[in-house]
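A short reminder: the numbers here are calculations on the coordinates, not readings from a lab. Owing to the predicted nature of the structure, the values given are computational and were not obtained by experimental measurement. Ideal geometry is used to build each Cβ from the backbone, glycine not excepted, and the neighbour counts take in all protein chains shown.
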Amino acid sequence: GWSMEQYIEEVRASLGQRVGANPVLLLISGGVDSTVAGALLLKTLNPDQVHLMYMDTGLMRKNETETVRVNLERLGAKHLHIIHCENEFLSALKGLTDPEAKRKAIGDLFITIQEREVTRLGLPDSYFLAQGTLYTDLIESGKGIGKKAHLIKSHHNVGSPLVDAKRKAGRIIEPLDRLYKDEVRSLGRILGIDEDVVRRHPFPGPGLGVRILGEVTKEKCDILRDADAIYIEELKKRGLYDEIWQAFAVLLPIRSVGVAGDVRKYSWVLALRAITSDDGMTADVYPFSMKDLLEISTLITNTVTDIGRVTYDISSKPPATIEWE
Ligand code: XMP
C-alpha cells in the first residue's frame, strides 16, 4: 500500500532538488491542510528556510491564534509571522450587511494585507510560495466544477496576484497535491500534529464574518466566539464531535425578549448547526438526542449572557447551504 513515510521521503527528495537553499513561504490558515503543509515543509526542508505567515483577522475562533502559534512552534517553526489585522478587517466590514459585499471586503483585504506583509518580509525574489492544495482542490478548480469551488478557495489559493505572479515565475510548490483529505490527516498524524487539529471540522476562509448575519462588530465576534467554543467543547466531551462533519454556531441579527431574574431582557438569538456529509456538497442534519441539545442550549444561555435564545437549524443541503451566508 501507499505509505505516508514513503510520501515524506519523496517530498524531501523532490522539494530539496527544486527549492535548494531558497526561502519558502507558506500562508497558514490554521486549518488541517495548511498546518500539515507547514509541518511537511519543516520536516523535509531546513526549518531556517521556512517562513510561515498567519493573519489574525479578528474573525477567527476562540484562542485560535494562540493555538496556531503553539502548534507550529512545537513543530519546529523558526520564522512564524503572525499578522494582527483585526482592526483593519473590522473597519472594512463596518456598515456592511450584504453577504456578498462582506465576502468581497474580506477577500480584498486578505489580498491587500498579504501583498503588504510579504513585501515587508523582504524575502529575495527567488523565494518559493507553498500552498496546501489537495488533489481534490486541483480537480475542482481545474475543471471548474461549479462556481462555488472557485469561490471557496478564492482568498487563499486561486485569485491572488501574489499567487499568480509566483505561478508565472514557476515558483509555486504544492506538497499535498497528490493527497486526499483522509490521507492528509494520516500524514498530519505521522508528522506529530495534534489530534485536535487533524480532526478539526472545516472552517470557511471568511471565518466568523459569514457566521454573524448582518453587520460584523467586535462585540458580536466576541459573543459568537464564546458561544461557539462552548458548543464545540460540549460536542467533544459528549463524544459527538467526530460523528459530525461540521458544527458551528451562527449569530442571528435578531434580538428577542427574555427574562433575567424578574427583569425583561432583550438579547441575541443564536442558531446551532451540525451536519453530516461526505464532501460538503450535500449535507444532512445531525440528529441530536433532545437531551444533548437542551443541555447545550442551557449551558450557552447561562454562560453567554448576551444570548437569550438558542435555535437548532434543521435544514439539509440542499435546499439550505451549510453556512448561513
Ligand atoms: P456551503 O455553505 O456552500 O459550504 O454549503 C460548503 C463548505 O464550504 C465551506 N465554505 C467556505 N470555505 N471559504 C471557504 O474556505 C468560503 O467562503 C466558504 N463558504 C463556505 C463551508 O464551511 C462548508 O464546509
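What to note about this one:
- Neighbourhood net charge (15 Å Cβ-Cβ; Lys/Arg +1, Asp/Glu -1) for residue 255: +1
- Measuring nothing but how far apart in sequence close Cα pairs (under 8 Å, 6+ apart) lie, relative to its length, the chain scores a relative contact order of 17 percent.
- Relative protection proxy for 55-65, 315-325, 35-45, from highest mean packing down: 35-45, 55-65, 315-325 (other beta-carbon atoms within 10 angstrom).
- A simple spin-label model places the labels of residue 74 and residue 21 3.3 nm from each other, with each point 7 Å out along Cα-to-Cβ.
- Relative to the Cα centre, the charge distribution of the chain, modelled as +1 at Lys and Arg Cβ and -1 at Asp and Glu Cβ, gives a dipole magnitude of about 420 debye.
- Net charge dipole size for region 50-130 [Lys, Arg +1 and Asp, Glu -1 on Cβ; Debye, nearest 20]: 180
- Take the Cα of residue 4, step 7 Å toward its Cβ, do the same at residue 311, and the gap between the two points is 4.1 nm.
- Each Cα pair under 8 Å and six or more residues apart adds its sequence gap; the mean of these over the residue count of region 226-315 is a relative contact order of 30 percent.
- Think of the chain as having a plus end and a minus end, set by charges on the Cβ of Lys, Arg, Asp and Glu; of 298, 133, 11, 133 sits farthest toward the positive end of this dipole.
- Furthest towards positive pole of dipole, 92, 34, 260, structure part the chain, Cβ charges: 92
- Dimensions of region 54-130 along the principal axes, based on C-alpha atoms and rounded to the nearest Å, stand at 41, 32, 19, largest first.
- Computed from the C-beta positions of residue 291 and residue 67, the FRET efficiency with R₀ = 41 Å rounds to 0.85.
- Here residue 12 and residue 233 are evaluated by their C-beta separation; at R0 = 30 Å the FRET efficiency comes out at 0.20.
- Taking a straight Cα-Cα cut-off under 15 Å and skipping sequence neighbours fewer than 8 places away in the same chain, the aspartates and glutamates within cross-link reach of residue 104 are 88, 215, 325.
- Pairs of Cα atoms farther than 21 Å apart, region 211-312, %: 35
- Rounded to the nearest 20 debye, the dipole size of region 4-198 about its Cα centre is 400 debye, using +1 on the Cβ of Lys and Arg and -1 on the Cβ of Asp and Glu.
- Between region 286-307 and region 105-135, the C-alpha centres lie 40 angstrom from each other.
- Entries of 168/317; 62/317; 43/102; 220/291; 94/181; 43/220 with Cα pairs more than 31 Å apart: 168/317; 43/102; 94/181; 43/220
- Cα convex hull volume per residue for region 4-198 (Å³): 119
- Relative pair counts by distance (%), Cα atoms of the chain, 20 Å bins: 30, 57, 12, 0
- Net charge of Cβ neighbours under 9 Å - reference residue 236; Lys, Arg +1; Asp, Glu -1: -2
- Taking every DSSP bridge with both residues inside the chain, close to 40 percent are antiparallel.
- For the chain, calculated [θ]222 nm from helices alone, where every DSSP H run of n ≥ 4 adds -39500 (n - 2.57): -14000 deg cm²/dmol
- Kirkwood Rh and Cα Rg combined as Rg/Rh, region 1-113: 1.07
- Note on the chain: with a GNM built from Cα contacts shorter than 10 Å, the maximum mean-square fluctuation among 70, 250, 11 falls on 70.
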